[in-house]
1. Which is within 26 Å of A:Gln91 (Cβ to Cβ), buried (at least 21 other Cβ atoms within 10 Å of the Cβ) and more than 8 Å from the ligand (Cβ to nearest atom), of A:Val33, A:Val5, A:Val48, A:Val58?
2. If you check A:Glu180, A:Glu148, which single one turns out to be within 16 Å of the ligand (Cβ to nearest atom), free of Cβ contacts under 8 Å to residues at least 60 places away in the same chain and more than 14 Å from chain B (Cβ to nearest Cβ)?
3. Quick one: is A:Gly218 in a loop (DSSP other than H, G, I, E, B) and modelled with pLDDT of 95 or more?
4. Can you name the residue in the stretch A:194-241 that is out of contact with any strand residue (DSSP E or B) (no Cβ under 8 Å at 6 or more places or on another chain), within 16 Å of A:Met278 (Cβ to Cβ) and open to solvent by 10 Å² or more (accessible area, probe 1.4 Å) and is also nearest to the other protein chains (Cβ to nearest Cβ) among such residues?
5. A:Pro92 fails exactly one of the following numbered conditions: (1) open to solvent by less than 40 Å² (accessible area, probe 1.4 Å); (2) in contact with a strand residue (DSSP E or B) (Cβ under 7 Å, 6 or more places away or on another chain); (3) within 13 Å of the ligand (Cβ to nearest atom). What is the number of that condition?
6. Could you tell me whether any residue of the stretch A:388-402 is more than 12 Å from chain B (Cβ to nearest Cβ), open to solvent by less than 10 Å² (accessible area, probe 1.4 Å), part of a helix (DSSP H, G or I) and in contact with a helix residue (DSSP H, G or I) (Cβ under 8 Å, 6 or more places away or on another chain)?
7. Within 15 Å of the ligand (Cβ to nearest atom), at positive phi and open to solvent by less than 10 Å² (accessible area, probe 1.4 Å): which single residue out of A:Gly382, A:Gly417 fits that description?
8. Of the residues A:Leu481, A:Leu464, which single one is more than 30 Å from B:Thr33 (Cα to Cα) and out of contact with any strand residue (DSSP E or B) (no Cβ under 6 Å at 6 or more places or on another chain)?
Amino acid sequence: MARVVVLGAGVSGHTAAAFLRKWLGWEHEVTVVSPQPDYNWIPSNIWVGVGLLRKEKVVFPLEPVYRKNEIDFKQARATALYPDGIDGSPQPMVEIEWTADGRAGVRERLPYDYLINATGPKLNFQATKGLGPGGNSLSVCTADHAEETARVFLELVARMKRGERKRFLIGTGHGSCTCEGAAFEYVVNLEFELRSHGVRDKADITFITNEYELGDLGIDGVHIRRGGYVTPSKIFTESLFAERGIESLTRAHVRAVEPGVAHYETLDGLRGEAPFDMAMLLPPFSGVGLKAYAADGKDITDAVFAPNGFMKVDADYRKKPYEDWKASDWPRFYQSPLYRNLFAVGIAFAPPHPISPVRTTADGVVISPAPPRTGMPSAMIGKAVAHSIVNMIKGGDRPSHSASLAEMGAACVASAGANPFTGTAASITVFPIVPDYERYPEYGRDVDRTFGEIGLAGHWIKILLHHMFLYKAHLWPGWSLIPE
Amino acid sequence: MNTNTTSKTAVEQAHNSWFYATKPTGATLFLRTFLPWQLWRFIAINLKMVGMIRMSHRSQRR
Ligand SMILES: Cc1cc2nc3c(=O)[nH]c(=O)nc-3n(C[C@H](O)[C@H](O)[C@H](O)COP(=O)(O)OP(=O)(O)OC[C@H]3O[C@@H](n4cnc5c(N)ncnc54)[C@H](O)[C@@H]3O)c2cc1C
């Protein structure tokens, strides 16, 4: 019998656990450890954050789903790994701390034969003074954050209906943020909703971003063949903002958020202030802070994890300048180089370097996006690792399935306004996600397979994806036929 | 769209923040929500995305 423990029940961990259960015989155990009782379909938090969807439409309790599918669920947070065993036993262990009512704070050690770290990001609001809920700005990263954001937004809409003018500041709350795509989606949805409420003329909207150019999205932008030209995503994003009357501040690092004003600096060293009545600023991400210990109790966190807290896997982590970055630097199997039974998937693995060039101010402040790991690749990585572990349990000596971001494409739909007749969304396919300049010298990507278009059809697809992925996450009949 | 235009000259009004950006024509905007065209685009985009997903899945074996 093998025991597989999955830490985290987000897109990547939930996918991995579901496929492990499907492919492994009943004699094997699959356990999921996650501190939240619910699954959250995060992409739809955007619609919760503008008051279009209630929180209940994007979350559901995990326990009944796991019970029905014979996956052991522990509502707890992992705190430390003992990959060489502990107390004289070579049995690898993970330490967890329960968060469920009645057992909160209780610590326990779980033995494992294989472990998948799918703990996603720590939302690092602390990186910027005053950033985030509890501080002076809002977020849509969790369903609860999004609900609070909607409450503030709708209050402002009511005041605008009474004739007041309001300023909205939306974007990234630190120079090293990722998830620019989510910030983009939120700002265009907010603009669309202000129009729907009939108060657009009372609103000034500014998008503040750490991107060098709009449309960078942390993937160095994309080039799309359209209208007789190969055009960078910057042009399309700028065009959408022009059409919607959204001002933008690029190359910006938010230094601090005070009530009603964000202080920022730009790559060229200029400092400025952006006043607001409502600010939705996404935080930078780091690892969740797992520790690792050797059998003798020695702290080996630095060997297992990168300095940003994400877990090191089979990537090339040597420091290199942008010109020397290669597609082959990116991991294929997501296996720890130190422990063959330890994997990290989704946001939890440490990327070898960003995708967009790193840029700093003269004072050394980094103002450039960290690499995103969106839903589709996160789920595909989770599935590939589940496949590899199943084959290793059956006797394979090494992982059998790869999922390199430099070898796979991504399909993504970014909502630009939600209405079944007047809404739109940008449908985008990118191949490969990480540019490969050796294979595609001009743009790093296959321009025939990289595509983008905005329209109502995209919105219908986004609605379809919302329902399809929630269906799949419930593990209802036929779930595994729905692609990642 | 949202700026206070009362005290600005015609030249100033035209040279707003978005003067140098590419903007869609009326026809482009119309097509974005024109049902028959969008029904066709729904099929075409789905096919493109399914193709991309299939190709990415194929590259998964060692
Ligand atoms: C607002 C927003 C909108 C987005 N929109 C899109 C989109 O439209 N399309 C798209 O493809 N992607 C989108 N993304 C990105 C997408 O949400 C991520 O790619 C995806 O969630 C990553 O999956 P993950 O499993 O790595 O992490 P997560 O989904 O964050 O899951 C992490 C899991 O680990 C758990 N956890 C945390 N700490 C611990 C611990 N110590 N021990 C055990 N478990 C722990 C968490 O509770 C959670 O269950 C969006 C992201 C945001 C924030």
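1. The unique qualifying residue is A:Val5.
2. Checking each option against the conditions leaves just A:Glu148.
3. It is true that A:Gly218 is in a loop (DSSP other than H, G, I, E, B) and modelled with pLDDT of 95 or more.
4. Selected residue: A:Arg200.
5. All conditions pass for A:Pro92, except number (3).
6. There is at least one residue in the stretch A:388-402 that is more than 12 Å from chain B (Cβ to nearest Cβ), open to solvent by less than 10 Å² (accessible area, probe 1.4 Å), part of a helix (DSSP H, G or I) and in contact with a helix residue (DSSP H, G or I) (Cβ under 8 Å, 6 or more places away or on another chain).
7. A:Gly417
8. The match here is A:Leu481.
The values are calculated or read from the model by the stated rules, or taken from the named source; none is laboratory data. Quick caveat: nothing in here was measured; it's all calculated off a predicted structure. Every residue, glycine as well, gets a Cβ built from its backbone with ideal geometry; the counts of neighbours run over all protein chains shown. Just the protein is used for accessible areas: all its heavy atoms, side chains included, with ligands, DNA and RNA removed. Shrake-Rupley method; radii C 1.70, N 1.55, O 1.52, S 1.80 Å.
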